[in-house]
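All remarks here apply to the structure that follows.
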Amino acid sequence: GQLIKNVPGDYSSIQAAIDASVPGDTVRVAAGTYNEQARINQYHGGICLEGAGIDQTIITKSGDVGIYLEQASYIIVKNLTVKGSGAGGCCSMGGGIFTYSANNILIQSCRLTQNSAYNGGGLYANHTTNLTVDHCLIDNNHATHMVGGVYVEPASTGVFTNVTIVNNTADHLIGGFGYAIDQGMSNRSL
């Protein structure tokens, strides 16, 4: 059955709880600031990473992406903030959340703020199918090259619902979403 793995109650780090999880488990992260990267890959399918709420549970990883999803499937990330993560140098992709070769990813009730990357300061999705971003705030992120807010590669598919993308900046091209907009987007399919 489903098990709750509490951080820091049961596990001292988010990564330790993720590594101990099996499909159906929830890694529940208490309020606080966690100076670590959460890496989820093909060995962690079917888990939920859940914080105590936006601006309550904060993941921050200076110099690297905050949440890294590679070859992960059926992952839910919700109720947390990724703040001050990422690296602006060439050629970092994704500051707050990076997804690569992933599928069925739900990012819900999250905030990505003050993150930085070469491309895709807030969120960078590459070869990711069925990505859903719902009720999220993506603000004040920066890209030293392209797309401060959300950068979605063409090989990805997804739906954005009730997402606010504001005040993101990029040194060379576009502050906000992919190749298009910075703000005012609430519902969009890719």
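Any read-out appearing in this document is the output of simple, stated calculations on the displayed coordinates, not a laboratory observation. Quick caveat, the model's predicted, so the values are computed rather than measured. With ideal geometry, Cβ positions are generated from the backbone for all residues, glycine too; neighbour counts draw on all protein chains shown.
Key figures
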| quantity | calculated |
| --- | --- |
| MRE, 222 nm, helices only [DSSP H, n ≥ 4, -39500 (n - 2.57), over the chain, to nearest 500] | -500 deg cm²/dmol |
| Relative contact order computed over region 36-181 (Cα-Cα under 8 Å; 6+ residues apart), in percent | 18 percent |
| Amide H within-cut-off set for ILE59, under 5 Å, with H built and near neighbours excluded | TYR34, THR81, VAL82, LYS83 |
| Spin-label pair HIS135/ALA52, simplified geometry with 7 Å Cα→Cβ offset, distance in nm | 1.9 nm |
| Distance (nanometres) between label positions extended 7 Å along Cα→Cβ at SER12 and GLU70 | 2.5 nm |
| Separation in nanometres of the label points that stand 7 Å from Cα toward Cβ, at ASP171 and THR157 | 3.6 nm |
| Separation between Cα centres of region 1-46 and region 58-73, rounded to whole Å | 13 Å |
| GNM result for the chain, Cα springs below 10 Å: residue of SER156, SER12, SER116 fluctuating most strongly | SER12 |
| Candidates LEU131, LEU49, LEU173: whichever shows maximal mean-square fluctuation once the chain is modelled as a Gaussian network with Cα springs under 10 Å | LEU173 |
| FRET efficiency, 1/(1 + (r/R0)^6) with R0 25 Å, evaluated for LEU106 and HIS127 via beta carbons | 0.90 |
| Gain in span if fully extended, LEU3 to THR164, counting 0.36 nm per residue against the direct Cα distance | 54.7 nm |
